[in-house]
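J.: Can you keep this structure in mind? I'll have questions shortly.
The values are calculated or read from the model by the stated rules, or taken from the named source; none is laboratory data. Note that the structure is predicted; figures quoted are calculated from it, not measured. No Cβ is skipped: glycine too gets one built from the backbone with ideal geometry, and neighbour counts run over all protein chains shown.
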Amino acid sequence: MSNFTLRGGARLIGSIAAQGSKNAALPILAATLLVKEPVRLKNCPRLRDVGNMLHILESLGCTVFREGDDLIVDSGTATNCVLPTALSRELRSSIFLLGSVLSRFAEADAPYPGGCEIGNRPIDLHLQGLRRLNAEIAERGGRIHCRGANLIGAIVDFEYPSVGATENIMLAACRAKGETVIRNAACEPEIVDLQGFLNACGFRVSGAGTPTIAIEGVEEGHGATYRIMPDRIVTGTYLIGAAITRGDVTVTGTYPDTVDALLAKLSACGCDVTRDKQAVRVAAKDRPRRIDFTETRPYPGFPTDLQPQLFSLLSVADGTSILKENVFENRFKHAQELKKMGAENRILDRAAIITGVERLHGANVIAHDLRGGAALVLAGLSAEGDTVIEHIERIERGYEQMDLAIKALGGTVARKDERIGKEEQTLRAGAERLPVR
Ligand code: EPZ
């Protein structure tokens with residue numbers, strides 16, 4: 001277990017480039033199984049979750065290596081359709097590999113992903129969609145066995161716009177016979193990026209970013225070079241960092257439109273928000289104003305992945321704010337940790353009532369999950385005194401070298417690794433144990 005020690009009080013000031021998007025990279029890496037030629041991915045972030053996905057692809061027989069900053073994946077060498085249990089459990093979003101493994105090998109075998117720190121994470125919509133495409137699915141012994149030698153395009157109606165289920169069906173439909181139409185599809189920008197990658201590989205996908213996505217099945221795709229979009233959640237996290245430390249941060253190489261919902265909230269808090277084509281700047285001189293009511297919604301609503309970070313900001317606002325979490329049923333674990341730092345909040349089912357305090361104080365806290373951990377980093381940067389955050393390996397699932405980024409913006413942070421084996425140390429640090437050619 002590794003930890004951060006943060007010294008609060010410094011204003012975050014400066015410019016930082018957005019990293020590649022974790023939630024675009026993961027489905028795109030799953031999609032590489034659909035083609036038997038090498039693909040070159042640019043701007044693929046070096047993260048623990050990406051490292052785990054690459055190890056899963058290698059276990060299926062794919063060849064994976066870095067060439068400078070580019071990531072090369074050659075799935076022409078893939079031969080295995082059984083997903084490894086430990087790695088697939090560690091990376092529960094690997095469930096959308098079902099669609100691409102099934103399409104490639106006519107069968108797929110995966111462990112039931114199970115729940116995680118933020119909720120039960122059911123996969124009923126994934127399995128319902130695959131069955132609509134004529135896949136046979138059996139669930140036994142904690143594993144899912146899929147057969148699909150003859151996937152046929154169909155209309156797939158989702159009762160909820162699930163991001164992962166939308167991605168899974170897009171992947172399974174690319175080489176199915178005939179057309180698939182997904183209705184009530186998720187509209188997240190990462191799905192638009194997946195469509196961009198699939199079309200670069202010669203598949204025929206349209207409508208991503210809207211609730212209706214059409215996929216025209218084709219025999220085979222081909223290799224491609226593709227640049228992964230910038231990470232909108234990491235962008236938003238550092239912009240909230242400016243607001244909570246009364247700093248002035250510009251995030252470059254990002255897509256401002258993808259953080260519109262957050263920018264509206266930061267303006268409402270009294271921040272000065274400016275944007276141009278690929279950069280956003282947030283400056284704050286005063287204590288943030290309270291925000292009556294915010295609720296998380298599927299895109300373009302306020303993103304659940306920025307709820308914990310906004311929670312930290314509202315914890316030092318000049319009044320009481322209400323924050324409702326509609327997407328996941330257990331995504332307020334950071335609330336109790338913030339209380340250790342002097343925050344005042346009450347959780348009533350899916351709603352948090354947050355009474356802002358003038359200033360938080362340092363404490364020893366635990367990162368229970370990825371975005372909750374990022375929220376504690378922001379709180380620690382604004383607090384009086386030192387804050388120690390345990391289990392930062394959970395934060396490093398989604399943030400590339402967060403300690404270096406904070407230092408580059410003028411914050412004070414030290415990272416400490418407890419004595420763990422080299423293997424685990426490498427994995428946790430987000431480095432990928434990949435050959436470089
Ligand atoms: C993706 O998770 C993201 N992960 C999550 O980011 C993000 O919070 C989430 O979408 C919502 O935007 C990746 O892209 C790797 P969902 P996913 O399926 O696909 C219910 C982060 O911090 N549901 O849209 O799992 C589910 O229980 C992570 O980067 C079903 O009921 O999200 C949840 O309540 C956290 N049945 C809701 O839908 C299903 O079959 C949203 O889940 C699938 C989902």
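J.: Just to verify a result, which residue in region 1-23, among those that are within 15 Å of the ligand (Cβ to nearest atom) and touching a strand residue (DSSP E or B) at 6+ places or on another chain (Cβ under 9 Å), is farthest from ALA176 (Cα to Cα)? I'd like the intermediate steps shown before the answer.
T.: Looking only at region 1-23, we keep the residues that are within 15 Å of the ligand (Cβ to nearest atom), and these are 18-23.
Filter again for touching a strand residue (DSSP E or B) at 6+ places or on another chain (Cβ under 9 Å), leaving 18-21.
Numbers: ALA18: 36, GLN19: 34, GLY20: 30, SER21: 28 Å.
My answer is ALA18.
J.: Across region 353-389, what is the number of residues that are under 23 Å from the mean Cα position of the chain (by Cα), more than 16 Å from the ligand (Cβ to nearest atom) and surrounded by 24 or more Cβ atoms within 10 Å (Cβ to Cβ)?
T.: Number satisfying all stated conditions: 5.
J.: Based on what the data block shows, is ILE392 crowded, with 23+ Cβ neighbours inside 10 Å, in contact with an Asp or Glu (Cβ under 9 Å, 6 or more places away or on another chain) and at pLDDT 95 or above?
T.: Against the criterion (crowded, with 23+ Cβ neighbours inside 10 Å, in contact with an Asp or Glu (Cβ under 9 Å, 6 or more places away or on another chain) and at pLDDT 95 or above), ILE392 qualifies.
J.: Looking only at region 343-352, count every residue that is of a type outside the set (A, V, I, L, M) and surrounded by 14 or more Cβ atoms within 10 Å (Cβ to Cβ) and tell me the total. Spell out the reasoning first.
T.: Residues of region 343-352 that are of a type outside the set (A, V, I, L, M), as a first pass: 344-346, 349-350.
Remaining after also requiring surrounded by 14 or more Cβ atoms within 10 Å (Cβ to Cβ): 345, 350.
Total meeting the criteria: 2.
J.: Taking region 331-370, which residues are in a helix (DSSP H, G or I), among the charged types (D, E, K, R) and within 18 Å of SER2 (Cβ to Cβ)?
T.: GLU337
J.: Could you please let me know if ASN23 is within 30 Å of GLY410 (Cα to Cα) and touching a helix residue (DSSP H, G or I) at 6+ places or on another chain (Cβ under 8 Å)?
T.: Details: within 30 Å of GLY410 (Cα to Cα): yes; touching a helix residue (DSSP H, G or I) at 6+ places or on another chain (Cβ under 8 Å): yes.
Considered against the rule, which asks whether it is within 30 Å of GLY410 (Cα to Cα) and touching a helix residue (DSSP H, G or I) at 6+ places or on another chain (Cβ under 8 Å), ASN23 comes out as yes.
J.: Just to be sure, is LEU194 touching a helix residue (DSSP H, G or I) at 6+ places or on another chain (Cβ under 8 Å) and in the same structural domain as ALA165 (by TED's automatic domain parsing)?
T.: yes
J.: Look at region 297-330 and say how many of its residues are away from the ligand (no atom under 15 Å from the Cβ) and either assigned to a loop (DSSP other than H, G, I, E, B) or not assigned by TED's automatic domain parsing to the domain that holds HIS368 (or both).
T.: Result for region 297-330: 5.
J.: Also, quick follow-up: Identify, from the list VAL35, VAL39, the residue that is in contact with a His (Cβ under 8 Å, 6 or more places away or on another chain) and either of a type in the set (Phe, Trp, Tyr) or outside the structural domain of HIS368 (by TED's automatic domain parsing) (or both).
T.: Values: VAL39 fails: in contact with a His (Cβ under 8 Å, 6 or more places away or on another chain).
Among VAL35, VAL39, only VAL35 is in contact with a His (Cβ under 8 Å, 6 or more places away or on another chain) and either of a type in the set (Phe, Trp, Tyr) or outside the structural domain of HIS368 (by TED's automatic domain parsing) (or both).
J.: Ok, one more. When you scan region 176-193, do you find a residue that is within 23 Å of the chain's Cα centre (by Cα) and among the hydroxyl-bearing types (Ser, Thr, Tyr), even just one?
T.: Scanning region 176-193, I find no residue that is within 23 Å of the chain's Cα centre (by Cα) and among the hydroxyl-bearing types (Ser, Thr, Tyr), so the answer is no.
J.: Could you please find all residues in region 122-135 being within 6 Å of the ligand (Cβ to nearest atom), touching a helix residue (DSSP H, G or I) at 6+ places or on another chain (Cβ under 6 Å) and part of a loop (DSSP other than H, G, I, E, B)?
T.: ILE123
J.: Among the residues of region 88-101, is any more than 16 Å from the ligand (Cβ to nearest atom), buried (at least 21 other Cβ atoms within 10 Å of the Cβ) and assigned by TED's automatic domain parsing to the domain that holds LEU198? Before the answer, list the steps.
T.: Here is the first cut: in region 88-101, the residues more than 16 Å from the ligand (Cβ to nearest atom) are 101.
Then keep just the ones that are buried (at least 21 other Cβ atoms within 10 Å of the Cβ); that gives 101.
With assigned by TED's automatic domain parsing to the domain that holds LEU198 added as a condition, the list becomes 101.
Checked against the condition, which is being more than 16 Å from the ligand (Cβ to nearest atom), buried (at least 21 other Cβ atoms within 10 Å of the Cβ) and assigned by TED's automatic domain parsing to the domain that holds LEU198, region 88-101 yields at least one hit.
J.: Can you find a residue in region 122-139 that is touching a Phe, Trp or Tyr at 6+ places or on another chain (Cβ under 8 Å), crowded, with 20+ Cβ neighbours inside 10 Å and small (Gly, Ala, Ser)?
T.: Yes, some residue in region 122-139 is touching a Phe, Trp or Tyr at 6+ places or on another chain (Cβ under 8 Å), crowded, with 20+ Cβ neighbours inside 10 Å and small (Gly, Ala, Ser).
J.: Would you confirm whether or not region 137-148 contains a residue that is more than 16 Å from the ligand (Cβ to nearest atom), part of a helix (DSSP H, G or I) and aliphatic (A, V, I, L, M)?
T.: Looking through region 137-148, none of the residues is more than 16 Å from the ligand (Cβ to nearest atom), part of a helix (DSSP H, G or I) and aliphatic (A, V, I, L, M).
J.: Here are the criteria: (1) under 21 Å from the mean Cα position of the chain (by Cα); (2) in a loop (DSSP other than H, G, I, E, B). Tell me which single one GLU159 does not satisfy.
T.: Only one criterion is unmet by GLU159, namely (1).
J.: Here's something else I'd like to know. With respect to ALA172, is the statement that it is away from the ligand (no atom under 16 Å from the Cβ), farther than 13 Å from PRO298 by Cα and touching a Ser or Thr at 6+ places or on another chain (Cβ under 9 Å) true?
T.: no
J.: Sort out which residues of region 30-63 are buried (at least 20 other Cβ atoms within 10 Å of the Cβ), of a type in the set (Val, Ile, Thr) and over 19 Å from the mean Cα position of the chain (by Cα), and write them in order of number.
T.: The answer is VAL35, VAL39.
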